[in-house]
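Nothing in this text is a laboratory measurement; each read-out follows from the coordinates by a stated rule. The structure displayed is predicted, hence computed values, not measured ones. Glycine also receives a Cβ, built like all others from the backbone with ideal geometry; neighbour counts cover every protein chain displayed.
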Amino acid sequence: MKKFILPIVMFLSLTLAGNMQAQSASANPNAPVINFQKDTIDYGTIPHNADGYRAFAFKNTGKEPLIISETHGSCGCTVPTAPKEPIQPGASAEIKVHYATDRIGQFIKTVTVTSNAANSPKILVIKGNVLPDAPTANADKAAPATGK
């Protein structure tokens, strides 16, 4: 009896492993592919309350229409906006991102893009440094002493 169990277990294991490989190999060869011009946007050093809008340009290099189902920022200060309509094969579009530049200091945030692309999800990065407001001339002058 033991002579039969080991070969059966081996056969089932190999069959299961072969099925798993066949499933991964049978991924849609026509699936859309989202290719970004760059995965990171560096805002550089910007003033407090500067323009926080930037855009990630991309192209669908697959053979089927690309449908972006969701984009979300890593926090509430990072708000992405993606096209609602399908991106046809060979067509380009962009995902707009707004970072709230009312926050002082260095930042590194991510945007996650979920779609029907073969390379989904895709993580994009924004980074930079927001400077504090410069002191005003009136703030430098001390209040005059009354002397009494």
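Data for the structure
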| item | result |
| --- | --- |
| Added length on full extension, which subtracts the Cα-Cα distance from 0.36 nm per residue, D51 to A91 | 11.6 nm |
| Pairwise label distance in nanometres, A134 with E70, each label 7 Å out on the Cα-Cβ vector | 4.4 nm |
| For the range 34-130, share of DSSP beta bridges that run antiparallel, in % to the nearest 5 | 85 percent |
| Candidate aspartates and glutamates for bridging to K127, where Cα separation is under 19 Å - those fewer than 8 sequence places away on the same chain excluded | D39, D42, D51, E94, D102 |
| Inter-label distance, nm, simple model (7 Å from Cα along the C-beta direction), D42/Q106 | 1.2 nm |
